[in-house]
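Read-outs: derived from the displayed coordinates by stated rules, not from any lab. These numbers come from a predicted model, not from an experiment. With ideal geometry, Cβ positions are generated from the backbone for all residues, glycine too; neighbour counts draw on all protein chains shown.
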Amino acid sequence: MGDMNISVPYQLRLTMVDGKNINALTDTKSPQTCYICKRTQKQRRASSVLPPDVIENYRFGLSTVHAWIRVFEFLLHVAYRLELQNKRLNKREQGEVKARKREIQEQFKARLSPRVDQPRQGFGNTNDENTARRFFEKSAESASILGLDEGVIKRFRVILKTLSSKFDIDVDNFGEYARETKEVVQDRYGWFGLTPTLHKILDHGGNVIRNRPVPIGVLTEEAQEARHKECRYFRLNNARKTSREENVFDLYSMLMILSDPLVNSFRDVVETKGRSVDEEVTDLLLSGSSRDIRCHPEESEQHSDSEYSDADSADSRQDAIDSSCE
Ligand SMILES: [Zn+2]
């Protein structure tokens with residue numbers, strides 16, 4: 001600027017990377033091993049005393065969007081095996097669990113959500129953040145379908161909403177609530193064991209939050225997840241298919257244009273409805289934080305659905321693009 005030199009220092013923070021990337025970056029060989037305390041599920045079961053944390057790994061945050069889905073799936077899998085109360089199944093028991101799963105899916109279809117825990121054509125399954133949020137919101141209905149304790153579902157709702165809130169969290173209160181929740185879960189469903197995500201949130205959540213420079217809810221991978229559909233759309237409609245390199249180059253150009261601050265300033269900001277939240281969530285926030293927390297995954301999802309309505313059909317054509325770029 002004129003004769004003045006301005007230097008802007010920056011620090012890259014990998015707060016929105018997914019589990020596979022974190023495991024690779026932290027040299028964690030198995031998805032069952034916690035990248036913070038480096039213990040396997042078996043070691044965690046054998047002793048409740050945890051070794052010192054690898055503190056620098058707090059920097060990866062808690063992946064809150066995936067946490068909604070993983071906790072939801074934990075409760076589903078507990079419910080499938082509830083009568084057997086056993087995680088290792090023989091052939092006959094596997095059949096029983098499959099039958100119970102089908103029964104639960106039918107119940108969900110009739111009462112709460114059309115498709116739960118079913119494969120999605122092309123990639124992944126139907127368990128997304130919106131399905132998970134609906135499940136925790138309708139805790140009484142969900143508990144009745146799964147035959148689980150509603151109190152446990154409500155406790156997880158409080159924890160997940162607190163983590164997603166974008167406000168400063170009272171770390172001591174959160175740590176205490178997480179510790180109590182772990183006790184309740186182990187008392188009811190200890191035979192299943194804690195999955196890596198549950199262990200990370202309940203045992204390390206407080207320390208991870210304490211080490212974040214901004215509220216943990218600001219660091220969700222929501223923005224990155226919302227881009228998936230758009231990336232598929234841009235690769236199909238706004239990028240050359242002459243080579244993989246040119247295809248990716250055009251995609252990045254499109255993303256650079258969209259994230260340009262000037263271009264972005266013309267964007268319509270979608271008004272979102274604020275929802276009042278559980279009293280327990282506000283108890284876990286630092287005083288002075290808002291009591292009206294905006295939770296808007298549905299709105300953002302609807303936005304991308306309507307604007308990129310043919311993005312879904314683009315999924316099936318994704319392979320075609322990939323192969324044409326080889
Ligand atoms: Zn751990």
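For the reader, a short list of remarks on this structure follows.
- Were the residues from LYS241 through ASN173 laid out at 0.36 nm apart, the gain over their Cα-Cα distance would be 19.2 nm.
- Among ARG115, ARG81, ARG45, residue whose mean-square fluctuation peaks in a GNM of the chain (springs only between Cα atoms under 10 Å): ARG45
- Measuring between alpha carbons in the structure, the pairs from LYS38/LYS138; LYS38/LYS91; LYS101/LYS182 lying more than 30 angstrom apart are LYS38/LYS138; LYS38/LYS91.
- For the chain, averaging the sequence separation of C-alpha pairs within contact (under 8 Å, six or more residues apart) and dividing by the residue count gives a relative contact order of 20 percent.
- Placed amide H near LEU285: partners under 5 Å, 5+ positions off or other chain: ASP170
- Nitroxide proxy distance, nm - points 7 Å out along Cα→Cβ at TYR252 and SER265: 2.7 nm
- Largest GNM mean-square fluctuation among LEU112, LEU14, LEU76, using the chain with Cα springs under 10 Å: LEU14.
- Summing charges over all other residues whose Cβ lies under 12 Å from the Cβ of ARG227, with Lys and Arg as +1 and Asp and Glu as -1, gives -1.
- Residues in the range 100-134 that a label on ASP278 would reach, taking backbone N under 20 Å of a point 7 Å out along Cα→Cβ: 112-113, 128-134
- Span from the the range 35-71 Cα centroid across to the the range 174-203 one, whole angstrom: 12 Å
- Burial ordering of ILE22, ILE257, fewest other beta-carbon atoms within 10 Å first: ILE257, ILE22
- Here is how the number arises for the chain: DSSP H runs of 4 or more residues each give -39500 (n - 2.57), the sum is divided by the residue count, and the result at 222 nm is -16500 deg cm²/dmol.
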